[in-house]
Amino acid sequence: MSRTSIAVVDSKRLVAIFGPRDQHLRRIRSALGVGVSARDDSIQIEGAEPAVLRAAEIFEELDRIARDEGAVDPDHVSRLLAVATGEQPPVRHEPIEVHRPGKQFTPKSAGQAAYVQAIRDHDVVLCTGPAGSGKTFLAVAMAVAALRAEQVRKIVLVRPAVEAGESLGYLPGDLQAKINPYLRPLMDAMREMMDYELLKRLTEQDIVEMIPLAYMRGRTLNNAFIILDEAQNTTVSQMKMFLTRLGHGSKMVISGDTTQIDLPADRTSGLLDAMRRLRAVPGCGHVTLGGADIVRHALVQRIVEAYDR
């Protein structure tokens, strides 16, 4: 029998770690077969030595999550238990610093960690994966981190204006009003990384630019971090046009879900074509995320698996 204790200075963090009505605590006890109790702002763990060590690692990581993110959700516990029980390989956590004081983002799975590392190592990265696997979110986080570190001078967020199987008809308003529905997911991700006033100021100064793919023609972007989202809905000619916008000191991240192509049946997806053409091109990174990388509601992973079947 082995025993250990982990100091948790903040009692509010202890409540977050154990979860509503001790749900997280009960899951860890059951999965690892250890005894866990709280006493004097510390977590007491006892049981077989290997299980105690694994439980201690989980509680230490949950304490870090509670400190950095303010809350612990069931998905955090699921991922840590999957690593502890050998269902998933351990994830190398390298925080991504963004424009929110005290806020950091880290990869939540081995696939996400590989994606972040590919962005660090390559000037062009192509990433495919299902909904909820962090393709857009992590790319935007890396872009904001690069801007914060003055590695780039601007961020350019791009999407093709292709409707998902239904016609929206005539949209009133000026250009910005017409393209806002297409760019909203990118804007939502940006708001996670910085407060509204800062984002508004950077947008007004053209340091953060959100545009539809059609408006990229003829441009050369130097010292920029450029993200093409929903790239599965580009044509081959559009993808070639986009890729050739890359200027000196710039990075490109191209992401999409090849199971959700909304192009006419007679059109080849530019993302699929680029993945084939650029596979052996030096400087281009390729990452494929899967169901294990989905970090939305746990039900999303089961939904994706059901459609794959």
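The values are calculated or read from the model by the stated rules, or taken from the named source; none is laboratory data. What you see is a predicted model; the values in this text were computed from it and never measured. Positions of Cβ are backbone-derived with ideal geometry, glycine not excepted, and every protein chain shown enters the neighbour counts.
For Thr85, the criteria (1) at pLDDT below 80; (2) among the β-branched types (Val, Ile, Thr); (3) crowded, with 17+ Cβ neighbours inside 10 Å hold in every case but one, which is (3). Evaluate the range 247-260: report whether one residue or more is touching a Gly at 6+ places or on another chain (Cβ under 8 Å), part of a helix (DSSP H, G or I) and either in contact (Cβ under 8 Å) with a residue 12 or more places away in the chain or not assigned by TED's automatic domain parsing to the domain that holds Arg153 (or both). Looking for residues that are touching a Gly at 6+ places or on another chain (Cβ under 8 Å), part of a helix (DSSP H, G or I) and either in contact (Cβ under 8 Å) with a residue 12 or more places away in the chain or not assigned by TED's automatic domain parsing to the domain that holds Arg153 (or both), one finds none in the range 247-260, hence no. Taken over the range 13-65, residues that are assigned to a helix (DSSP H, G or I), farther than 26 Å from Pro107 by Cβ and basic (Lys, Arg) amount to 3. Being surrounded by 14 or more Cβ atoms within 10 Å (Cβ to Cβ), touching a Cys at 6+ places or on another chain (Cβ under 7 Å), in a loop (DSSP other than H, G, I, E, B) and at pLDDT 90 or above, is that true of even one residue in the range 276-288? Yes; the residues of the range 276-288 include at least one that is surrounded by 14 or more Cβ atoms within 10 Å (Cβ to Cβ), touching a Cys at 6+ places or on another chain (Cβ under 7 Å), in a loop (DSSP other than H, G, I, E, B) and at pLDDT 90 or above.
The single condition among (1) under 25 Å from Asp188 (Cα atoms); (2) in contact (Cβ under 8 Å) with a residue 12 or more places away in the chain that Tyr215 does not satisfy is (2). Restricting the range 210-223 to residues that are assigned to a strand (DSSP E or B) and more than 20 Å from the chain's Cα centre (by Cα) leaves a set whose member that is surrounded by the most Cβ atoms within 10 Å (Cβ to Cβ) is Leu221. Any residue at all in the range 195-207 that is of a type in the set (Phe, Trp, Tyr) and either within 13 Å of Val156 (Cα to Cα) or in contact with a helix residue (DSSP H, G or I) (Cβ under 6 Å, 6 or more places away or on another chain) (or both)? No, the range 195-207 contains no residue that is of a type in the set (Phe, Trp, Tyr) and either within 13 Å of Val156 (Cα to Cα) or in contact with a helix residue (DSSP H, G or I) (Cβ under 6 Å, 6 or more places away or on another chain) (or both). Number of residues in the range 196-219 that are out of contact with any strand residue (DSSP E or B) (no Cβ under 8 Å at 6 or more places or on another chain) and not basic (Lys, Arg): the value is 7.
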